[in-house]
1. Conditions: (1) modelled with pLDDT under 90; (2) in contact with a Pro (Cβ under 8 Å, 6 or more places away or on another chain). V104 meets all but one. Number of the miss?
2. Looking only at segment 71-107, which residues are away from the ligand (no atom under 14 Å from the Cβ) and under 13 Å from the mean Cα position of the chain (by Cα)?
3. Only strands (runs of 3 or more DSSP E) wholly contained in segment 176-257 count here; list those with 2 or more residues that are open to solvent by less than 10 Å² (accessible area, probe 1.4 Å) and in contact with a helix residue (DSSP H, G or I) (Cβ under 8 Å, 6 or more places away or on another chain).
4. State the number of residues belonging to segment 26-38 that are near the ligand (Cβ under 10 Å from one of its atoms) and outside any strand (DSSP E or B).
5. Looking at I50, I41, which is the one that is hydrophobic (A, V, I, L, M, F, W, C), open to solvent by less than 10 Å² (accessible area, probe 1.4 Å) and within 14 Å of the ligand (Cβ to nearest atom)?
6. Just to be sure, is G110 in contact (Cβ under 8 Å) with a residue 12 or more places away in the chain, touching a Ser or Thr at 6+ places or on another chain (Cβ under 7 Å) and within 14 Å of the ligand (Cβ to nearest atom)?
7. Which numbered condition trips up A222, out of (1) more than 30 Å from Q39 (Cα to Cα); (2) within 13 Å of the ligand (Cβ to nearest atom)?
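The values are calculated or read from the model by the stated rules, or taken from the named source; none is laboratory data. Computed from a prediction, not measured in an experiment: that's the story for all the values here. Positions of Cβ are backbone-derived with ideal geometry, glycine not excepted, and every protein chain shown enters the neighbour counts. The area values use the complete protein model at the heavy-atom level, side chains included, leaving out ligands, DNA and RNA. Shrake-Rupley method; radii C 1.70, N 1.55, O 1.52, S 1.80 Å.
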Amino acid sequence: MTASETAGSTTATDAEESLPVVELDNVEIVYDRHFLAVQGISMAAERGDIVALLGPNGAGKSTVLKMISGIGRSERGEVTRGSVFYNGDDVTNSGPNEMVDRGVTHILEGRRVFEDLTVEENLRCGLYRGGRRFRFDKEDYQIAFDYFPQLEEILNLKAGYASGGQQQMLVVARALIHRPELLLLDEPSLGLAPKLVQDIFETLVEINREEDITMIIADQNAKRTLEIADYGYVMENGQIELNDPADVLAEREEIKEFYLGTSGDTSRYEDIRHYKIRKRWT
Ligand code: ATP
């Protein structure tokens, strides 16, 4: 029985509206049947929210996103404990085709454009789903150009020659053509100049509000991500160390010192970090 079926007298739609879009309950993720990458994490993305997933390299952020979108299965990742729910349905260990059909689009780390294809051809790839090609119509592109008008000027440019910022716009625009309900973004700010990061993040907020797309953003740029997020989780060593509404999280001492660098002496990063973590648990 799904969570929505247990919702009593409310209609299915009402029940669905009140459920988180995605929810992880005490999830453990193992690669190759023996490497424990994530343990005992519980988190949720409420409908319409932007959720920040923060943490240092190797913390497990990408692994979490990949197991939500189903891509982790192709890397021999498996949820070995706990459950993943999508709109109340148990989708634990579902594959990527099913998750795309349910409305999940995952923008992988590293701006994965098809370099030898033009910008237009890359956008057209956004119309393929589960091996099927949707009928192409210029209107399908319009959502991409509404948010990233610059792309219309470089439609015939090979994507490999586009700048980093243009490539990031392209992967977000291509994802929008899927009309996702949940957009997962892995390191959208990586390697971009601060002004470009600001522009892209502002556009993500517009998309979130105007298209009602729920987002989970895994990023090392804690400051910017928390600025646009509603809620935030901080991962370390495969576990969630902190979680709070984004504005509360941004004010926490650990976050200021370790991730934002706006408080105290951060020169002995490891010492301070371990001291703080010890202090929190004692
Ligand atoms: P980064 O910001 O560097 O991408 P991350 O927080 O996203 O870090 P993950 O990439 O999820 O972290 O990695 C979590 C752990 O799982 C790391 O120890 C990593 O080496 C391991 N890992 C990631 N992908 C795989 C894989 N395909 N097979 C085996 N181990 C993996």
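1. (1)
2. In the first step, residues of segment 71-107 are kept if they are away from the ligand (no atom under 14 Å from the Cβ); the result is 81-105.
Selection gives V104, T105.
3. Details: elements: 182-186, 214-218, 231-236, 239-245.
So the answer is 182-186, 214-218, 231-236.
4. In the first step, residues of segment 26-38 are kept if they are near the ligand (Cβ under 10 Å from one of its atoms); the result is 29-32, 34-38.
Filter once more, keeping what is outside any strand (DSSP E or B): 32, 34.
Residues that pass the stated criteria total 2.
5. Numbers: I50 fails: within 14 Å of the ligand (Cβ to nearest atom).
From the options I50, I41, the qualifying one is I41.
6. Details: in contact (Cβ under 8 Å) with a residue 12 or more places away in the chain: yes; touching a Ser or Thr at 6+ places or on another chain (Cβ under 7 Å): no; within 14 Å of the ligand (Cβ to nearest atom): yes.
No; evaluated as a whole, the condition is false for this residue.
7. Status for A222: all satisfied but (1).
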